[in-house]
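Report on the structure given below.
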Amino acid sequence: MEHLDRKEAIRRMAAISVAPFIAPKLILPGISEANNKYQVPNVIVKKSPSFDPSSNLGINVNPALVDCNAKFIKDLGASWVRLVLNPHTDFGPYLRELESVGLEAVCVIGQESIKVGDWNDENLLSSNQFKLSAEYYAEKYSGYRFALQIGNEPDNIPTEDRVESEASWWLYQEVFNNLLESYREVFTDRFLIAGGVCTGDSYYLDRVNLSHVNAFAVQLYGVDTPEVSSNEGFTDAASALGRYKINLPVFITETGVNHLNYTDDEAVKYSFALLNYYIKRGIPIAYYCLSDLMHDDHGIFDKNGNPKPILKSFLKVAWGEDVPIDSFHLNPVKEEVVEKEPVVQFTDFSSR
């Protein structure tokens with residue numbers, strides 16, 4: 001592999017991720033431990049004025065693509081949603097809607113999120129740009145209730161862009177540090193979650209300063225549970241979290257199945273076992289995702305809004321019993337949610 005200088009490494013990071021709006025799924029690498037010495041902790045998370053993280057089962061949504069009606073989400077049994085912020089969409093009305101029915105929100109800061117103001121590939125991953133984006137969201141969503149997840153698979157660096165020397169790896173960690181620091185400087189009282197990391201490589205965090213955040217997030221795919229193995233079988237459910245020796249509450253902000261890799265029956269059995277495993281241990285976990293309109297073959301509803309068999313497992317985990325899925329149907333997106341042009345000026349939205 002080539003050795004990259006600092007400028008080139010920064011340019012490549014801007015082109016790939018800190019992190020992408022929908023990152024390609026890098027499944028956890030296989031570190032299978034037959035006699036696993038790590039145990040998934042029972043997490044007790046401190047509350048903050050902006051978020052109650054005791055909420056367990058969540059779902060990844062995108063109100064710009066799907067009508068994610070808050071009451072509908074609550075009827076599914078979810079207690080929180082996860083969505084990615086961007087300057088093209090006004091999420092304020094939806095955040096109010098969620099709060100009105102008692103649902104929590106985790107809003108993600110990914111690469112799309114920081115593209116506010118006069119940005120380019122040279123300054124996109126600078127501390128100044130990070131702070132500008134933080135100030136933009138702080139102003140726009142002042143008075144709204146939500147947690148912030150800082151980063152979306154920040155360790156998801158394509159193999160061909162991984163750098164050879166340890167010093168070059170530090171650049172990725174340095175950028176993530178600057179992102180965390182910039183957002184904490186602006187969001188002084190907000191519940192902040194770092195991550196979610198996805199590769200299973202804890203080395204990425206060796207020089208990341210997590211003192212700025214309240215919690216840490218992992219995004220898991222292809223992990224085996226004691227009851228049901230995944231069709232990928234990259235690692236086991238306990239090891240997937242145990243390898244991160246971090247003294248912070250843990251969230252799983254993405255998990256799920258690619259339906260191309262499973263029959264319907266396999267997907268239902270596996271997803272139930274996976275969600276249930278972590279829910280029983282008090283780990284907040286969000287399924288990815290609500291609809292195939294968000295990501296092909298990953299939703300619990302298809303592109304026409306019809307329920308897929310895997311919805312059975314989500315409902316059973318949520319309600320503790322089998323729930324018929326035929327009465328659930330997703331509506332098309334509400335077009336008024338999407339703004340035609342990015343909004344970059346600061347306006348007082350606190351009265352909304």
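Here, each number is a calculation from the coordinates, and none is a lab measurement. The shown structure was predicted, so the numbers you read here are calculated from the model rather than taken from an experiment. Positions of Cβ are generated from backbone atoms using ideal geometry, with glycine treated the same way; all protein chains shown enter the neighbour counts.
Just a few scattered comments:
- Model label sites at Glu321 and Asn209, defined 7 Å from Cα along the beta-carbon direction, differ in position by 5.2 nm.
- Considering every alpha-carbon pair of segment 247-304, the percent of pairs per 5 Å bin, from zero through the bin containing the longest distance, is 4, 19, 25, 24, 16, 8, 4, 1, 0.
- Scanning residues 5 or more positions from Val84 or on other chains, those with amide H under 5 Å from its amide H are Val108, with H placed 1.01 Å from N in the peptide plane.
- Maximal additional length on extending the Arg96-Asn69 stretch stands at 8.6 nm, based on 0.36 nm per residue less the C-alpha distance.
- Segment 166-279: Rg to Rh, with Rh as the Kirkwood radius over Cα pairs: 1.04
- Given R0 = 22 Å, the distance between the Cβ atoms of Asn261 and Lys303 translates into a calculated FRET efficiency of 0.70.
- The string of couplings for segment 261-271 from the Karplus curve (6.51, -1.76, 1.60, θ = phi - 60°) is 9, 9, 6, 4, 5, 5, 4, 5, 5, 5, 5 Hz, one whole number per residue in order, with x for Gly and Pro.
- Using a Förster distance of 35 Å, the FRET efficiency for Asp52-Glu181 (Cβ separation, nearest 0.05): 0.85
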